[in-house]
Amino acid sequence: MKLPSCVLAAAAVPLASAQLDFWAKKAGLEFFGAATDTPGFREREPYAASYPKYDAIFADPKEFGQTTPTNGQKWMFVEPQPGVFNFTEGEFVSKLAKKTGKILRCHALVWHSQLAPWVEETTWTPEELKAVIKRHIFGVAGHWKGQCAHWDVVNEALDEDGTYRKSVFYNVLGEEYIKLAFQWAAEADPTAKLYYNDYGIERPASVKTAGALRIVKLLKDAGIRIDGVGMQAHLHADNHPTMEDHVKTMTAYAEHVEEVAFTELDVRIKTGTPLNDTKLAWQKESYQFVSEACIRVPQCVGITIWDFYDPFSWIPHVFPDNGLALPWSEDFSKKPAYDGMIDIFKKYADKPRPKPGKPTKPTKPEKPGKPRVKRFSA
Ligand code: XIL
């Protein structure tokens, strides 16, 4: 696909000010980051011409203070054959993080998706599969030892109904695999903060939120270290959690873990009907709720968006008629969500963060149950 000329023209425009990480830090967060991937692969394959501009925005230390590889550390890339490791893709992002001075969040050690096919194609005894998981965790977390500020140790272990997902790991080992994964990750990379990470765990009443709390307690009761819960936050502009939802949910996790984070934030817009200001306003509100809630909950360390540039987003590839989920549009202009987040960070700039156990009051009181903007009906 050829890029429109406006994208190419934008490549010559110097970087604008008001950067996200700079203002997020002023508001007391540890970081505002963007995930990224290997150039030329997957979603970004047809967009080579956009790289100079993309790379300059990504590298700006005031824009993004943290990054996560969207793909390169996943099982299918790092251990494509049993015991045969390949760190090339993952290292692209870990080296870039080092070069651009960003915190590295690592993703993901044990996950049912993007697994190497051999893991699912083999019939394992429990002892065999334990050995496979152990080798994988020591191989991968061991390789990046000392470089990862956080590791998503177990990703998406919950099904939509809040019960355990029937993955190969669960089917062979039951919930034991979660305990073993955290134990081995702690041994393999003692300084990384160890996270349980999932989607749909951002609302207090969600069955998956209850499931995530169960997993946290399972580990805590067994005396196994878990440091954080990562809310992926793949949100919908037309039906997003309120700030109070976010605060309540994070506060519940924070009773048991040291930290929480928004780890894969994007806010998709329905693209089957034309884009309009209302859709953009809903999206902005959702990004703002996440930002303000993170500031208000003392254990919330930061926010990572799942890439920052629409053409590189995974959303339209997986959810037809959805997209435009990221703060930067295809022509590199910023959506209202960008300034919306900056406004929130500025509002809290240079004010002390709340102490654990005491989320701060919102600066503008919210009317419970009354969204500030109207939502789509369906
Ligand atoms: C996505 C990547 O962004 C895509 O490039 C890939 O094709 C599929 O996976 N939850 C996760 C992420 O934990 O790893 C997923 O990333 C998005 C959903």
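Values quoted throughout were computed directly from the atomic coordinates according to the rules given, and no laboratory measurement underlies them. Nothing here was measured: the structure is a model prediction, and the numbers come from that model. Glycine also receives a Cβ, built like all others from the backbone with ideal geometry; neighbour counts cover every protein chain displayed.
Summary table
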quantity	calculated
Exposure proxy order (Cβ contacts within 10 Å, fewest to most) of HIS136, HIS317	HIS317, HIS136
Cleavage-rule hits, GluC sites (Glu not before Pro), the range 210-309, DSSP coil, Cβ neighbours within 10 Å at most 15	GLU255, GLU258
Protection-proxy order for peptides 94-106, 47-59, 190-202, each taking the mean of Cβ atoms within 10 Å per residue, highest first	190-202, 94-106, 47-59
Share antiparallel - DSSP beta bridges, the range 23-347, percent rounded to 5	15
Neighbour cut-off at most 11 other Cβ (10 Å), DSSP loop, chymotrypsin sites (Phe, Trp or Tyr not before Pro), the range 95-173	none
Lys, Arg +1 and Asp, Glu -1 on Cβ, resulting dipole of the range 23-347 about Cα centre, debye, nearest 20	760
Span from the the range 62-128 Cα centroid across to the the range 278-310 one, whole angstrom	25
Value of [θ]222 nm, deg cm²/dmol, for the chain, DSSP H segments ≥ 4, -39500 (n - 2.57) each, nearest 500	-11000 deg cm²/dmol
For the range 220-285, Kirkwood radius (reciprocal of mean inverse C-alpha pair distance, Å)	13.8
Charged-residue dipole, Cβ positions (Lys, Arg, Asp, Glu), the range 265-317 about Cα centre, Debye nearest 20	120
Debye equation applied to the C-alpha atoms of the range 23-347, log10 I(q)/I(0) at 0.11, 0.12 Å⁻¹	-0.66, -0.79
Environment charge at ILE315 (Cβ cut-off 12 Å; Lys +1, Arg +1, Asp -1, Glu -1)	-4
Highest average packing first - 293-300, 273-280, 61-68, Cβ atoms within 10 Å	293-300, 61-68, 273-280
Long pairs among LYS26/LYS53; LYS62/LYS98; LYS26/LYS95, criterion Cα-Cα beyond 23 Å	LYS26/LYS53; LYS26/LYS95
Virtual spin-label span in nm between THR125 and ASN86, 7 Å along Cα→Cβ	3.1
Partner aspartates and glutamates for LYS102 [C-alpha distance under 13 Å; skip if fewer than 8 residues away on the same chain]	ASP21, GLU30, ASP60, GLU63
Charge dipole of the chain about the Cα centre (unit charges at C-beta), most positive-ward option of ILE269, VAL172, ASN155	ILE269
Calculated FRET value between GLU176 and LYS98, using beta carbons and R₀ = 22 Å, to 0.05	0.05
Point-charge dipole on Cβ atoms (K/R +1, D/E -1) for the range 258-346, about Cα centre, debye to 20	220
Relative pair counts by distance (%), Cα atoms of the range 134-279, 5 Å bins	2, 10, 18, 21, 18, 13, 9, 5, 3, 2, 0
